[in-house]
2 protein chains.
Amino acid sequence: MKIVQCVPNFSEGRDLEKVEKIVSVFKNIDKVKLVSYEPEPNYNRTVVTLLGDPELIKDAVIKMVGLTTELIDLNNHVGEHPRMGATDVIPFIPIKDMTMEECINLAKDLGKEISQIYNIPVFLYEEAANLEYRHDLSDIRKGQFEGMKEKIKDPRWNPDFGNPEIHQTAGVTAVGARMPLVAFNINLDSSNVEVANKIAKAIRYSNGGFRYIKAGPAEIKDKGIVQVTMNITNYKKTSIYRVFETVKMEARRYGINVLGSEIIGLVPLEALVESMEYYLGLEGFSVNKVLETNLIE
Amino acid sequence: MKIVQCVPNFSEGRDLEKVEKIVSVFKNIDKVKLVSYEPEPNYNRTVVTLLGDPELIKDAVIKMVGLTTELIDLNNHVGEHPRMGATDVIPFIPIKDMTMEECINLAKDLGKEISQIYNIPVFLYEEAANLEYRHDLSDIRKGQFEGMKEKIKDPRWNPDFGNPEIHQTAGVTAVGARMPLVAFNINLDSSNVEVANKIAKAIRYSNGGFRYIKAGPAEIKDKGIVQVTMNITNYKKTSIYRVFETVKMEARRYGINVLGSEIIGLVPLEALVESMEYYLGLEGFSVNKVLETNLIE
């Protein structure tokens with residue numbers, strides 16, 4: 001039985017009635033598990049996590065895009081998040097009995113259908129990218145919804161599917177395939193977004209930090225604090241504990257404490273193993289020592 | 001599909017040829033997974049971890065007891081372990097679609113068969129105990145193999161199955177049923193067993209320590225160090241990190257560093273969650289955030 005993970009993000013995290021309406025398309029589907037949906041008011045987006053049959057997930061996501069197009073108008077959208085579409089990104093991740101190649105094909109099929117059904121331009125990213133310079137989502141989404149109106153007309157940024165013109169309210173959508181990552185946020189006991197930015201720069205690859213960290217600052221206005229928000233794109237090589245301890249170390253420089261952290265979506269058990277080893281000094285530990293690993297077989 | 005966990009311990013951890021011969025009975029059984037077997041030379045015992053169909057595991061364990069009886073003579077056995085039988089203890093743990101009651105019945109069936117087939121007296125312990133004062137394994141095994149020759153004649157310590165006379169080479173065996181526990185050892189950078197004993201006393205329930213810790217000292221002679229060896233019998237209430245940090249704190253009192261730790265057998269994911277929360281400051285974390293939990297369903 002093939003299992004894919006899909007983590008669609010849509011640009012509504014404040015109006016919970018709308019959120020419920022949108023995620024309702026994922027409920028009660030045989031062979032598809034709605035693992036979680038996390039509305040984030042500060043980011044004004046919701047991250048949905050799905051596991052299950054690839055084709056059934058694809059069909060449900062198409063329905064979701066229909067609802068987000070109907071309910072979300074990017075012209076009236078603000079939030080801590082470089083968003084570009086009502087449905088912003090849709091990554092597929094191979095989990096069980098699936099190759100990356102199959103995920104790429106799934107992404108392409110979905111992208112094509114979205115552009116045809118809803119007239120929304122689609123960009124392919126990460127492993128599904130047709131063009132190397134479109135690999136990174138951050139490059140695609142630069143300029144956000146507002147900037148995309150012009151950007152998409154540049155032949156370099158014509159979409160992979162659909163016309164070089166944004167959907168007037170739903171913008172554009174990126175569909176991709178990638179390996180599992182860890183979406184990890186660290187909260188600082190400070191309201192100074194500049195400090196969060198400096199710490200993000202210290203740890204992220206693009207500014208000399210860890211090879212597999214993409215990070216940025218964010219304000220959590222309802223808590224009056226700032227956050228270093230990051231993706232650990234290869235948790236086998238850049239461990240959670242290493243990033244966390246480095247952020248604590250950097251924060252000390254500014255006299256600021258780390259309040260805590262959060263994982264968005266799912267974390268593979270393997271990503272936690274090195275942290276357990278580090279903090280508890282565990283020897284001879286591995287995912288196979290965890291009961292649940294053995295129950296999956 | 002019912003799944004039971006069974007963790008038989010037998011008293012050979014040095015002669016690896018014998019160990020292989022004994023564990024071979026668990027290999028290639030459909031619906032039974034030999035998760036691991038860990039020969040421990042210092043303890044001169046091997047801990048086997050099995051998962052699978054209750055009846056098939058029971059049948060395989062009976063074969064194992066036959067082999068340990070044939071291959072192990074407790075009269076010539078030494079090791080850091082209060083052992084009393086060639087097959088020392090056999091606990092059953094309910095994992096999936098199984099009640100504790102069913103585990104108790106399985107333990108009783110197995111105990112009866114062992115005593116009948118091999119003429120080995122059997123004590124029932126923990127949840128399977130017929131008598132309240134036999135609940136704790138440590139009370140049953142007090143006196144070890146050598147002391148059991150007389151102890152078993154005391155009406156208070158007549159076995160639950162079989163005659164009040166030890167098997168001349170295989171001693172006695174304890175069979176029980178219990179909830180999952182965490183077998184956790186912490187290594188100290190010291191060869192002073194008295195210090196390990198003092199730290200064990202500081203953390204264990206019986207001397208005023210944590211409610212769900214059973215602990216003792218052990219010498220790891222091949223490494224020239226000592227160990228605090230423990231069972232965390234309720235990891236929901238006494239967390240791994242709390243015990244680990246307390247042992248570090250106590251060790252400082254003697255100017256001794258903690259070198260590391262090890263988990264023997266399997267650890268339920270749930271037992272790791274609080275430690276992850278503590279060390280990484282995770283908020284909103286739970287077993288459901290881990291990918292593998294969602295794959296089991």
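Throughout, read-outs are computed from the coordinates displayed, never taken from laboratory work. A quick note: this is a predicted structure, and the numbers were derived from the prediction, not measured. Don't worry about glycine lacking a Cβ; one is built from the backbone with ideal geometry, like all the others, and counts go over all protein chains shown.
Over all residues in B:264-272, what is the mean tally of Cβ atoms on other chains that come within 10 Å of each residue's Cβ?
Values: counts 2, 2, 8, 7, 3, 8, 2, 2, 10.
Counting other chains' Cβ atoms within 10 Å and averaging over B:264-272 gives 5.
Can I get the semi-axes of the protein assembly as shown's equivalent ellipsoid? Compute them from the C-alpha gyration tensor as square roots of 5 times the eigenvalues, in angstrom, largest first. Don't skip to the answer; put the middle values down first.
On the way: eigenvalues 605, 149, 69 Å².
Gyration-tensor ellipsoid for the protein assembly as shown: 55, 27, 19 Å.
Rounded to the nearest 5, what % of the DSSP beta bridges within chain B are antiparallel ones? Write down the numbers at each step before the final one.
On the way: 43 of 52 bridges.
Around 85 percent of the beta bridges assigned by DSSP in chain B are antiparallel ones.
If the cut-off is a Cα-Cα distance under 17 Å, which lysines reach B:K96, setting aside same-chain residues fewer than 8 apart in sequence?
Qualifying lysines at Cα under 17 Å: B:K2, B:K31, B:K33, B:K58.
Taking amide H positions as placed in the peptide plane 1.01 Å from N, state which residues far from A:Y125 in sequence (5 or more) or on other chains have amide H under 5 Å from it.
A:V175, A:G176, A:A177
What's the local net charge at A:F285, with K and R +1, D and E -1, over the other residues with C-beta under 12 Å away?
Details: positive: A:K289; negative: A:E270, A:E274, A:E277, A:E283, B:E262.
Net charge around A:F285: -4.
Show me, for region B:170-181, the HN-Hα J-couplings you get by feeding each phi into the Karplus relation (A = 6.51, B = -1.76, C = 1.60, θ = phi - 60°), rounded to Hz, glycine and proline as x.
Ordered by residue, 3J(HN,Hα) equals 9, x, 10, 10, 9, 10, x, 9, 7, 6, x, 10 Hz.
For region A:4-11, just list the computed ³J(HN,Hα) in residue order, Karplus coefficients 6.51, -1.76 and 1.60, θ = phi - 60°, integers in Hz, with x standing in for Gly and Pro.
Result, ordered by residue: 10, 9, 9, 10, x, 10, 10, 8 Hz.
Let me have the 222 nm mean residue ellipticity of the protein assembly as shown computed from DSSP H runs of 4+ only, each contributing -39500 (n - 2.57), with the sum over all residues rounded to the nearest 500. Please list the in-between numbers first.
Numbers: 18 runs with 201 residues, N = 594.
Result for the protein assembly as shown, helices only: -10500 deg cm²/dmol.
Roughly speaking, what is the centre-to-centre gap between region B:68-147 and region B:256-297 when only Cα atoms are used, to the nearest Å?
30
In a shell of Cβ-Cβ distance under 11 Å around B:Q5, excluding B:Q5 itself, what net charge do Lys and Arg (+1) and Asp and Glu (-1) give?
On the way: positive: B:K33, B:K96, B:R178; negative: none.
Within the 11 Å Cβ shell, the charges total +3.
Where the label is 7 Å out from Cα toward Cβ, how close does B:Y254 come to the same position in every other copy, in nm, shortest first?
Distances between equivalent label points, in nm: 4.4.
Roughly how many whole Å is it from the C-alpha centroid of region A:203-236 to that of region B:198-244?
So the two Cα centres are separated by 38 Å.
Read phi for every residue in region A:205-216 and hand back ³J(HN,Hα) as whole Hz from Karplus 6.51 cos²θ - 1.76 cosθ + 1.60, θ = phi - 60°, with x for Gly and Pro.
Rounded to whole hertz, the list is 4, 5, 10, x, x, 5, 3, 10, 10, 10, 9, x.
Would you tell me the mean number of C-beta atoms belonging to other protein chains that fall within 10 Å of each C-beta in B:142-154, as a whole number?
Numbers: counts 0, 0, 0, 0, 0, 0, 0, 0, 0, 0, 0, 0, 0.
Going residue by residue through B:142-154 and averaging, the value is 0.
Let me know the mean shielding of B:254-261 by other chains, meaning the per-residue number of their Cβ atoms within 10 Å of its Cβ. Mind dumping the intermediate values first?
Values: counts 0, 0, 0, 0, 2, 2, 7, 8.
For this peptide, the per-residue mean of nearby foreign Cβ atoms is 2.
Taking the Cα centre of region A:238-280 as origin, sum charge times position over the Cβ atoms of Lys and Arg (+1) and Asp and Glu (-1), and report the length of that vector in debye to the nearest 20. Before the final figure, lay out each step's value.
Values: 4 positive and 6 negative charges, 57 e Å.
The calculated dipole for region A:238-280 is roughly 280 debye.
In Å and from the alpha-carbon atoms only, list the Rg and Dmax of region B:182-296.
Taking only Cα atoms of region B:182-296, I get Rg and Dmax of 15.0, 46 Å.
Any idea what the B:G224 label distances to the other copies are, label 7 Å down the Cα→Cβ vector, nm, shortest first?
Inter-copy label distances (nm, one decimal, shortest first): 5.7.
For A:E150, place a label point 7 Å out from Cα along the Cα→Cβ vector, do the same in each other copy, and report the separations in nm, one decimal, smallest first.
In ascending order, 9.7 nm.
Name the long-range amide H neighbours of B:D88: under 5 Å, sequence gap of 5 or more, or other chain; modelled H, no Pro or chain starts.
Those qualifying (amide H under 5 Å, at least 5 residues apart or on another chain) are B:N9, B:F10, B:S11.
Long-range amide H contacts for A:I225: which residues qualify at under 5 Å (H placed 1.01 Å from N, peptide plane, sequence gap of 5 or more or a different chain)?
A:I220
From largest to smallest, what semi-axes in whole angstrom does chain A give when each is the square root of 5 times an eigenvalue of its alpha carbon gyration tensor? Don't jump to the answer; show the numbers that get you there.
On the way: eigenvalues 182, 121, 66 Å².
Gyration-tensor ellipsoid for chain A: 30, 25, 18 Å.
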